[in-house]
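Chemist: Just passing along the structure, written as structure tokens.
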Amino acid sequence: QIKMRIATGCLISYFLVGWIAYCFVFEEFTFTDATYFLMVTLTTVGYGDLTPTSQASRLFTLFFVLFGIAIVAVALVEIAEYIMKQRGALLKKTQADIIKKAGADEESVRVKTSNPFWERAKAFVHAH
């Protein structure tokens, strides 16, 4: 869960730094324009309707986009991984609840539902 919090913090930080830089430091974009510019550059679309006007702003944008894409990519992977883990845990709990309600234990259900052909196929693949 700590990775999820770090990833979320990185995404929020990306936008906060971008808003401050483009609204107050380098440009005088409105909040909406700065958000639009951040999304367009982050997704590498680059429509060209909003562009950095000063040399300092261009230099900042160069590094901000370069690091921003990497940071956001890693953050999105961490968030997706967290969601998948939560989904897997929920699925296991649901399966256990269904087995419990059916009045069977997990091992007997696994044995009854296992297919000997697939078990042999899996063993063959792992052996080679």
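What follows is calculated from the coordinates using simple rules that are stated; it is not laboratory data. Keep in mind it's a predicted model, so treat the numbers as computed, not measured. No Cβ is skipped: glycine too gets one built from the backbone with ideal geometry, and neighbour counts run over all protein chains shown.
Chemist: For residue 67 paired with residue 44, estimate the spin-label separation in nm (one decimal), with each label point 7 Å from Cα along the Cα-to-Cβ line.
Modeler: 2.0 nm
Chemist: Now for a separate question. Give me the number: length gained by fully extending residue 20 to residue 95, i.e. 0.36 nm times residue separation minus the C-alpha to C-alpha distance, one decimal in nm.
Modeler: On the way: separation 75, 0.36 × 75 = 27.00 nm, distance 4.82 nm.
Full extension of this stretch gives 22.2 nm more.
Chemist: Also, quick follow-up: In what sequence, highest mean first, do 44-56, 17-29 appear when ranked by Cβ atoms within 10 angstrom?
Modeler: Final packing ranking: 17-29, 44-56.
Chemist: Can you tell me the order of 79-85, 58-64 when each peptide is scored by its average per-residue count of other Cβ atoms within 10 angstrom, highest first?
Modeler: 58-64, 79-85
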